[in-house]
1. Which of the residues belonging to the range 178-215 are within 26 Å of Asp42 (Cα to Cα), without any contact (Cβ under 8 Å) to a residue 60 or more places away in the chain and of a type in the set (A, V, I, L, M, F, W, C)?
2. In the range 130-163, what residues are within 17 Å of the chain's Cα centre (by Cα) and among the hydroxyl-bearing types (Ser, Thr, Tyr)?
3. Determine the pairs where a residue that is without any contact (Cβ under 8 Å) to a residue 12 or more places away in the chain, located within the range 75-99, has a partner that is in a loop (DSSP other than H, G, I, E, B) and surrounded by 24 or more Cβ atoms within 10 Å (Cβ to Cβ) with Cβ atoms under 9 Å apart, the partner being 6 or more residues away or on another chain.
4. Report the residue count in the range 149-163 for those that are surrounded by fewer than 16 Cβ atoms within 10 Å (Cβ to Cβ) and either of a type in the set (Val, Ile, Thr) or modelled with pLDDT under 95 (or both).
5. Among the residues of the range 25-41, is there at least one that is surrounded by fewer than 17 Cβ atoms within 10 Å (Cβ to Cβ), without any contact (Cβ under 8 Å) to a residue 60 or more places away in the chain and over 19 Å from the mean Cα position of the chain (by Cα)?
6. Being within 13 Å of the ligand (Cβ to nearest atom) and out of contact with any strand residue (DSSP E or B) (no Cβ under 9 Å at 6 or more places or on another chain), is that true of even one residue in the range 137-159?
7. Being over 25 Å from Arg190 (Cα atoms), touching a Leu at 6+ places or on another chain (Cβ under 7 Å), modelled with pLDDT of 95 or more and in a helix (DSSP H, G or I) narrows it down to one residue among Val49, Val73, Val113; which is it?
8. In the range 6-24, which residue that is among the hydrophobic types (A, V, I, L, M, F, W, C) and more than 10 Å from the ligand (Cβ to nearest atom) is surrounded by the fewest Cβ atoms within 10 Å (Cβ to Cβ)?
Amino acid sequence: MAEKKLLNQTAIVTGANSGIGEGVAIALGKAGANVVVNYVVDPEAANAVVEKIKSFGSRALAIQADVSKEDQVIKMFQQTIQQFRTVDILVNNAGLQRDSKFHEMTLAQWQFVIDVNLTGQFLCAREAVKEFLRRGIVPERSVACGKIICMSSVHQVIPWAGHANYASSKGGIKMLMETIAQEYGKQKIRVNSICPGAIKTPINTKAWDTPEAYNSLMELIPENRIGVPEDIGKLAVFLASDDSDYISGASIFIDGGMTLFPGFATGG
Ligand SMILES: NC(=O)c1ccc[n+]([C@@H]2O[C@H](COP(=O)([O-])OP(=O)(O)OC[C@H]3O[C@@H](n4cnc5c(N)ncnc54)[C@H](O)[C@@H]3O)[C@@H](O)[C@H]2O)c1
């Protein structure tokens, strides 16, 4: 049986009833953590993730909260602390796209993506840091006072035509993550980002669900395969565990080489 590196630690994973969040919640549960499976719609999917985590012998609970709403985020943390006593790990994963040509983008499309992808990460991280500071380090569980993992994207560095709102939200996450990491490093709170390339989830179905789309996507990926949520889950366990104790403020790209300027493999 795999070593349970996160035993007795409690994790909140936002947007954990689908895609990458689901993969991360399951991986953290397998590693022994109690997991809060946050969702905003589709409680059945959230409950299925909870049942899967329980099947590994870990504890899990589905909590509904819209991460862009301050009162709902505060309540989610209160419910988590009531159930599991504290929070050790936050995975700020919830995110979405509302794509549009830039000159046609409405203020509502811009604001909605910023509210969920960036303000949502601010609100959850703030509540997590408050709880980490209140509780302090518990050496039997972790040498860190708390861990925050932000789900960013290769689009924190790769500009993306037709997705100005999304790319801006991910660029913002980079500075948010680095600033929190710098501000609370002395208190042993570690904050890092995972920057996925193309991962097979509902958010990007159009990029992989026909052979033409898939082949065109492969031109962007030197490793020649699309990623899966399990790839991200393994990295999340590493970043949440003491194995990564000396890593803070890092953006870890997990993209099959998408950020290696693949066009230069044959051109340039
Ligand atoms: N799939 C990819 O290729 C890829 C690449 C880079 C980054 N990402 C990022 O990974 C994260 C997860 O995306 P995914 O690919 O799993 O897509 P997904 O659509 O499967 O999952 C997104 C999750 O976020 C939830 N969510 C949306 N709005 C919410 C809100 N207001 N409050 C709470 N939850 C909310 C959704 O319900 C869903 O559970 C996102 O932040 C996304 O930007 C994905």
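1. The answer is Ala207, Trp208.
2. Of everything in the range 130-163, those that are within 17 Å of the chain's Cα centre (by Cα) and among the hydroxyl-bearing types (Ser, Thr, Tyr) turn out to be Ser152, Ser153.
3. What qualifies is Lys75/Ala65.
4. The qualifying residues number 1.
5. From the range 25-41, those surrounded by fewer than 17 Cβ atoms within 10 Å (Cβ to Cβ) are 41; that's our starting set.
Keeping just the survivors that are without any contact (Cβ under 8 Å) to a residue 60 or more places away in the chain gives 41.
Those still in the list that are over 19 Å from the mean Cα position of the chain (by Cα) too: none.
No: zero hits.
6. To start, the set of residues in the range 137-159 that are within 13 Å of the ligand (Cβ to nearest atom) comprises 149-158.
Right, trim to out of contact with any strand residue (DSSP E or B) (no Cβ under 9 Å at 6 or more places or on another chain) and you get 158.
Checked the range 137-159: at least one residue is within 13 Å of the ligand (Cβ to nearest atom) and out of contact with any strand residue (DSSP E or B) (no Cβ under 9 Å at 6 or more places or on another chain).
7. Working: Val49 fails: touching a Leu at 6+ places or on another chain (Cβ under 7 Å); Val73 fails: over 25 Å from Arg190 (Cα atoms).
Result of the check over Val49, Val73, Val113: Val113.
8. Kept after step one, since they are among the hydrophobic types (A, V, I, L, M, F, W, C), are these residues of the range 6-24: 6-7, 11-13, 16, 20, 24.
So of that shortlist, the ones also more than 10 Å from the ligand (Cβ to nearest atom) come out as 6-7, 11-12.
Details: Leu6: 27, Leu7: 13, Ala11: 30, Ile12: 32.
Per the criteria, the residue is Leu7.
The values are calculated or read from the model by the stated rules, or taken from the named source; none is laboratory data. Because the structure is a prediction, the values reported are computed rather than measured. Here Cβ is always computed from backbone atoms with ideal geometry, including for glycine, and neighbour counts include all displayed protein chains.
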